[in-house]
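Below: the structure, in structure tokens.
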Amino acid sequence: MELSLQTAVPFKTLEAATAAIDGLGMDVHKLGTSRIKAVLQTLGNPQDRVPALHVVGTNGKGSVTAYLTAMLQAAGFRCGTFTSPHLVDVRERIQVNGRPIDQSAFIEATNRVFMAMGAVGGQVPDPASALSYFECLNAMAFDEFARLKLDVAVIEAGLGGRLDSTNVMASPLAVVVTPISMDHMARLGPTLTAIAEEKAAVIKPGVPVVSGFQPDEVMAVLRAKAQQAQAPLLIASQPLPVGQLCLDTDDPHRQLGQYASGLLGPYQAQNLALVLKVLEAVDSALPVPEAARCHGIAHARWPGRYQWVAPYRLLLDGSHNEAGLNTLVDAINQDFGHVDLCWVLSLKRNRSLAMLQPLLQCAQTRHVIVLAPPAAEAERFHEPEAMADFVAHHAPEGTVVTIFNDATFLDWLRTQPRQGSFEGTLIVAAGSLYTTGRLLKGLALGEEDGSVD
């Protein structure tokens, strides 16, 4: 069924469209696919009109999506990506060829999805049928990619798998399962096996499954699910060799095997190995020559994840679960093990403060800044005073603990001495992608300045 926008539409500005989506509730999670299936059917089932790669897992989904997008684009494919969350602008979640869709396309997609929800005057009369914030943007992405008749889409799942709104594609080109770890247990299950069962439920009959670097119990689930679905299972078993981190250039990069990677974390050696296995799985449909692979890997960008901000000796990293924070600590020890550390921390209330202990227990920790959230977001984050008290009890003796808000932190940051990349104190902001986004906005950073990872 085709919807017509020739009649009057409720949202005519980006602000109005964004406000309507915000009104669905960013923190409102609705599990299940029935709502989005009904909306997509009204829109003509756009999720099945563009070949897609479906990326699920716990950690590494965004990096895998960034690598795939950059390489496919370098090979000449018109590529859409759907990711979450956004850091600065909600349009980051829906991108075409690595760029957020423009304002007019975003407004039109919002109108089409709200009309498909049965909205009257911009309001959905039946709350039960209203999509969640995530589902709405997901439906908008499918709709826009189909409208543009793209060659391929890379679709990153949200927190789940079986009941995730991205799990509506009848037959994607491949399912990619990044490393699975303990996260969102209240929704996905109390054990690693239970979480793996939920994530692996996106496997479709005959559709290649690509994974690797999984705990044994997770791999057992993936093997069983793939066998049940008669789906080929390709396993990336060896990470690429991790080479030098090069920061003192106009083009910061990490050497991973034969490739210069625009994503800087040493853990990208696993993510890139997984991506190369994905390209092997879909080579007949999406051939990517070696030159395009090299170019895409070098130009891959995933802001807010091990992102080097050269003038300030600042690493921005949105790690916010136990596995991600442990990986961050390992990476910093590998790359900056000899320098003093200043942590800049915030954490949402649904995360345990105990997750911060690996960071605080780094021997190089000298200063911890607890970042107070804006008043409008205060209820979503741990109270700064409680965090500061926790830090004081778990950081090395003599560690300075300070509470700043965004503005005072940025003022402080700009007063710090400018030193060489591997000299002096390294400042690392971690614990929340939302906070990372606020800092990126405060620093006015973007891809054009060459600072993203």
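The values are calculated or read from the model by the stated rules, or taken from the named source; none is laboratory data. Note that the coordinates shown come from a computational prediction; the quantities given were computed from them, not determined experimentally. As a convention, Cβ positions derive from the backbone with ideal geometry for all residues, glycine included, and neighbour counts pool all protein chains shown. Accessible surface areas use protein heavy atoms only, side chains included; no ligands, DNA or RNA. Shrake-Rupley method; radii C 1.70, N 1.55, O 1.52, S 1.80 Å.
Output the residues belonging to region 289-304 that are assigned to a loop (DSSP other than H, G, I, E, B), open to solvent by 10 Å² or more (accessible area, probe 1.4 Å) and touching a Phe, Trp or Tyr at 6+ places or on another chain (Cβ under 9 Å).
Initial filter on region 289-304 (assigned to a loop (DSSP other than H, G, I, E, B)): 289, 300-304.
Now drop any that are not open to solvent by 10 Å² or more (accessible area, probe 1.4 Å), which leaves 289, 301-303.
Selection gives TRP302 alone.
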Quiz item: Inside region 30-43, can you point out the residues that are in contact with a helix residue (DSSP H, G or I) (Cβ under 8 Å, 6 or more places away or on another chain) and surrounded by fewer than 17 Cβ atoms within 10 Å (Cβ to Cβ)?
Solution: LEU31, ALA38
Practice problem: Tell me, please, whether a residue that is out of contact with any Lys or Arg (no Cβ under 9 Å at 6 or more places or on another chain), part of a helix (DSSP H, G or I) and within 23 Å of THR83 (Cβ to Cβ) can be found in region 331-352. | Solution: yes
Practice problem: Specify which of the listed residues (GLY76, GLY60) is in contact with a Ser or Thr (Cβ under 9 Å, 6 or more places away or on another chain) and closer than 30 Å to LEU276 by Cα. | Solution: GLY60
Quiz item: Checking PRO373 against (1) in contact with a helix residue (DSSP H, G or I) (Cβ under 8 Å, 6 or more places away or on another chain); (2) closer than 23 Å to LEU247 by Cα, which single condition isn't satisfied?
Solution: (2)
Quiz item: Only one of (1) touching a Cys at 6+ places or on another chain (Cβ under 6 Å); (2) open to solvent by less than 20 Å² (accessible area, probe 1.4 Å) is not met by LEU24, so which one is it?
Solution: (2)
Quiz item: open to solvent by less than 30 Å² (accessible area, probe 1.4 Å) and within 17 Å of ALA331 (Cα to Cα) - does that describe any residue in region 208-231?
Solution: no
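Among GLN255, GLN238, GLN307, GLN244, which is within 19 Å of ASN59 (Cα to Cα) and surrounded by fewer than 23 Cβ atoms within 10 Å (Cβ to Cβ)? Show your work before the answer.
On the way: GLN255 fails: within 19 Å of ASN59 (Cα to Cα); GLN307 fails: surrounded by fewer than 23 Cβ atoms within 10 Å (Cβ to Cβ); GLN244 fails: within 19 Å of ASN59 (Cα to Cα).
Going through GLN255, GLN238, GLN307, GLN244 in turn, just one is within 19 Å of ASN59 (Cα to Cα) and surrounded by fewer than 23 Cβ atoms within 10 Å (Cβ to Cβ): GLN238.
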Practice problem: Just give me the residues in region 231-265 being of a type in the set (Ser, Thr, Tyr) and under 27 Å from VAL175 (Cβ atoms), in sequence order. | Solution: SER237, TYR259, SER261
Exercise. Please note which helices (runs of 4 or more DSSP H) are completely contained in region 357-453 and include at least 1 residues that are hydroxyl-bearing (Ser, Thr, Tyr), modelled with pLDDT under 95 and open to solvent by 20 Å² or more (accessible area, probe 1.4 Å).
Key: 433-443
Quiz prompt | Pairs where the first residue, in region 265-284, is without any contact (Cβ under 8 Å) to a residue 60 or more places away in the chain and the second is open to solvent by 40 Å² or more (accessible area, probe 1.4 Å), C-beta under 8 Å, 6+ apart | solution = ALA269/PRO239; ALA269/PRO241; ALA269/VAL242; LEU276/ARG293
Quiz item: Under 9 Å by Cβ, and 6 or more places apart or on different chains, what pairs join a residue from region 164-178 that is within 18 Å of ALA281 (Cβ to Cβ) with one that is polar (S, T, N, Q) and part of a strand (DSSP E or B)?
Solution: VAL175/SER211; VAL176/SER211; VAL177/SER211; THR178/SER211
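Can you say whether THR191 is at pLDDT below 95 and on the phi < 0 side of the Ramachandran plot, as far as the supplied structure shows?
Values: at pLDDT below 95: yes; on the phi < 0 side of the Ramachandran plot: yes.
Yes: the conditions hold for THR191.
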Quiz item: Out of (1) closer than 30 Å to GLN244 by Cβ; (2) under 26 Å from the mean Cα position of the chain (by Cα), what's the single condition that is false for PRO417?
Solution: (2)
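For region 116-129, name all the residues that are open to solvent by 10 Å² or more (accessible area, probe 1.4 Å) and either farther than 26 Å from THR83 by Cβ or out of contact with any Ser or Thr (no Cβ under 6 Å at 6 or more places or on another chain) (or both).
Let us first name the residues in region 116-129 that are open to solvent by 10 Å² or more (accessible area, probe 1.4 Å), namely 116-121, 123-129.
Within region 116-129, MET117, GLY118, ALA119, VAL120, GLY121, GLN123, VAL124, PRO125, ASP126, PRO127, ALA128, SER129 meet the criteria.
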Exercise. Could you tell me whether region 191-212 includes any residue that is within 17 Å of ALA70 (Cα to Cα) and in a loop (DSSP other than H, G, I, E, B)?
Key: no
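For the subset of region 305-319 comprising residues that are assigned to a loop (DSSP other than H, G, I, E, B) and under 19 Å from THR249 (Cβ atoms), which member is farthest from the chain's Cα centre (by Cα)?
Filtering region 305-319 down to residues assigned to a loop (DSSP other than H, G, I, E, B) leaves 305-306, 313, 317-319.
Retained after the next criterion (residues that are under 19 Å from THR249 (Cβ atoms)): 306, 313.
Numbers: TYR306: 12, ARG313: 23 Å.
Ranking the candidates gives ARG313 first.
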Quiz item: Regarding ALA153, is this residue outside any strand (DSSP E or B), modelled with pLDDT of 95 or more and under 14 Å from PHE82 (Cβ atoms)?
Solution: no
